[in-house]
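Here the structure comes first, spelled out in structure tokens, and everything after it is commentary.
The values are calculated or read from the model by the stated rules, or taken from the named source; none is laboratory data. Quick caveat, the model's predicted, so the values are computed rather than measured. Please note: Cβ atoms are built from the backbone with ideal geometry, for glycine as well, and neighbour counts cover all protein chains shown.
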Amino acid sequence: MRTLLGLIAAGSIIFLTAEAGAADVKGEIVNAETHAGLAAKATDIDGVHMHLHHALNCLVGPGGMGFDAKQMNPCANSGAGAIPDTSDAAKKKSLEAAADTARKGIAASDLAAARKAASDTAAMLKPLE
């Protein structure tokens, strides 16, 4: 059975399909990259942190380091998180590096530093889609 997932981002609707019960690693990475990009464009620190939390939640999944259940998990219906759902060791290492960069952005209190970390996270994820 196929399910249709929608994500509203910056006035656009992005639809992803996923096999019910099967992990959609590509969808998780695309959603994480989208939210990192939104974080990079946010005009205040709270917006950067919010979208980076969304990206991190997609990457690590529930129970992963830095997962915040108080924040939206746009990948809740896509699997257990891109990192735990990925079996390719090299890809997993790259995803973990992107998650580390997102965590640095979340920890940053300076808007420019947080936005740079968000931009770097998006750039790290783009080739993994």
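Take ALA123 and tell me if it is part of a helix (DSSP H, G or I), over 15 Å from the mean Cα position of the chain (by Cα) and without any contact (Cβ under 8 Å) to a residue 24 or more places away in the chain.
no
Residues of segment 42-52 that are in a helix (DSSP H, G or I) and either over 18 Å from LEU125 (Cα atoms) or free of Cβ contacts under 8 Å to residues at least 40 places away in the same chain (or both): ILE45, ASP46, GLY47, MET50. Of all residues in segment 53-63, those satisfying the criterion of being farther than 12 Å from ILE106 by Cβ and without any contact (Cβ under 8 Å) to a residue 24 or more places away in the chain are PRO62, GLY63.
Return yes or no: is LYS91 of a type in the set (Lys, Arg) and assigned to a loop (DSSP other than H, G, I, E, B)? So LYS91 fails the test. Considering only residues in segment 104-116 that are surrounded by 19 or more Cβ atoms within 10 Å (Cβ to Cβ) and out of contact with any Ser or Thr (no Cβ under 8 Å at 6 or more places or on another chain), the one that is nearest to ASN57 (Cα to Cα) turns out to be ILE106.
Reported count of residues in segment 23-36, each being in contact with a helix residue (DSSP H, G or I) (Cβ under 7 Å, 6 or more places away or on another chain) and either outside any helix (DSSP H, G or I) or closer than 14 Å to ALA99 by Cα (or both), is 8.
Given the residues GLY105, GLY66, which is the only one that is in contact (Cβ under 8 Å) with a residue 40 or more places away in the chain and either assigned to a helix (DSSP H, G or I) or touching a Pro at 6+ places or on another chain (Cβ under 9 Å) (or both)? If you could, list the steps in order and put the result at the bottom.
Working: GLY66 fails: either assigned to a helix (DSSP H, G or I) or touching a Pro at 6+ places or on another chain (Cβ under 9 Å) (or both).
Sole residue among the options that is in contact (Cβ under 8 Å) with a residue 40 or more places away in the chain and either assigned to a helix (DSSP H, G or I) or touching a Pro at 6+ places or on another chain (Cβ under 9 Å) (or both): GLY105.
Under the condition of being touching a helix residue (DSSP H, G or I) at 6+ places or on another chain (Cβ under 6 Å) and closer than 20 Å to ARG115 by Cβ, the residues counted in segment 50-88 number 12. Here segment 77-91 is the region considered, the condition is being surrounded by 15 or more Cβ atoms within 10 Å (Cβ to Cβ) and over 11 Å from the mean Cα position of the chain (by Cα), and the residue that is farthest from ASN57 (Cα to Cα) is LYS91.
Going by the conditions given, is ALA99 at pLDDT 95 or above, part of a helix (DSSP H, G or I) and touching a Leu at 6+ places or on another chain (Cβ under 6 Å)?
Numbers: at pLDDT 95 or above: yes; part of a helix (DSSP H, G or I): yes; touching a Leu at 6+ places or on another chain (Cβ under 6 Å): yes.
So ALA99 passes the test.
Look at (1) over 14 Å from ASN31 (Cβ atoms); (2) without any contact (Cβ under 8 Å) to a residue 24 or more places away in the chain and you find that ALA76 fails only one, number (1).
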